[in-house]
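The values are calculated or read from the model by the stated rules, or taken from the named source; none is laboratory data. Treat the numbers as computed from the prediction; the structure is a model and nothing was measured. Cβ atoms come from the backbone with ideal geometry, glycine included; neighbour counts cover every protein chain shown.
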Amino acid sequence: MKFGAIEQEEEMKLVCELPYIQTVGKLVPLFKPDVVLFDMDGLQVGDAVSAVNKIKTELPHAKLIVLVSYGRKESELLRMIEADIDSLLEKTVQIRNQVINAIEAAMNNQYIMPHHLIRPFEKRLMTLKTISFDIFSIQLKERGFHLTRRETEVAYWLRRGLGNKKIAEKLMITKGTVRVYVSHVYEKMYCDSRQELIDNLQTIPRQPS
């Protein structure tokens, strides 16, 4: 799929298009995009997951939106979701608008997925979210950082790029309370600034090897 229509958006710029999966891991990092649109048409799911992992490794801060054709097996879609992508879109005649909306949503840390695909995965997605948080908590303890559950929740969302306001909304607490927890995390993780804290949190892999 061609993504040239993105150039028509005032606040978006297409920095490159790569036609071959073999070039993904080597060339994408050179352009340092904020968002990567990945069309998995014609790819085996294993190859697609491998490419996604390479992109995530080289560009941990980039948002990754995967496009799929109608008729992909649920098991294949689940594997893509488990690869920690930021949105999953099914290609339709409205794909241009869907892509633009997905980019805007991803930059605001929102996940987009077609409604008819959500129901089969709803319980599984909630399970994955719980597992992801529990793994993160264990990883912190393995590194000698003993945070309370609420402090761990704040650190979890900090690592995923959320600001205090968004974290407050996620946890249904006030921004002031978030600031208090962030200061506790600073102290317990021996950090002097928010950026230092985020950098340290980013060294913790999102998925265990």
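Identify the residue in the range 62-112 that is basic (Lys, Arg) and in contact with a Ser or Thr (Cβ under 9 Å, 6 or more places away or on another chain) and, among all such residues, is surrounded by the most Cβ atoms within 10 Å (Cβ to Cβ). Restricting to residues being basic (Lys, Arg) and in contact with a Ser or Thr (Cβ under 9 Å, 6 or more places away or on another chain), the top hit is 63.
Conditions tested, residue by residue: (1) modelled with pLDDT under 90; (2) under 26 Å from residue 58 (Cα atoms); (3) not assigned by TED's automatic domain parsing to the domain that holds residue 107.
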{"position": "148", "(1), (2), (3)": "no, no, yes"}
{"position": "152", "(1), (2), (3)": "no, yes, yes"}
{"position": "159", "(1), (2), (3)": "yes, yes, yes"}
{"position": "165", "(1), (2), (3)": "no, no, yes"}
{"position": "181", "(1), (2), (3)": "no, no, yes"}
{"position": "187", "(1), (2), (3)": "no, no, yes"}
{"position": "194", "(1), (2), (3)": "yes, yes, yes"}
{"position": "208", "(1), (2), (3)": "yes, yes, yes"}
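When the residues of the range 92-145 are filtered to those that are basic (Lys, Arg) and either in contact with a strand residue (DSSP E or B) (Cβ under 8 Å, 6 or more places away or on another chain) or modelled with pLDDT under 80 (or both), the one that is farthest from residue 60 (Cα to Cα) is 119. Can you pull out the residues in the range 153-183 that are in contact (Cβ under 8 Å) with a residue 24 or more places away in the chain and more than 18 Å from residue 138 (Cα to Cα)? Across the range 153-183, the qualifying residues are 161, 162, 166, 178, 181, 182.
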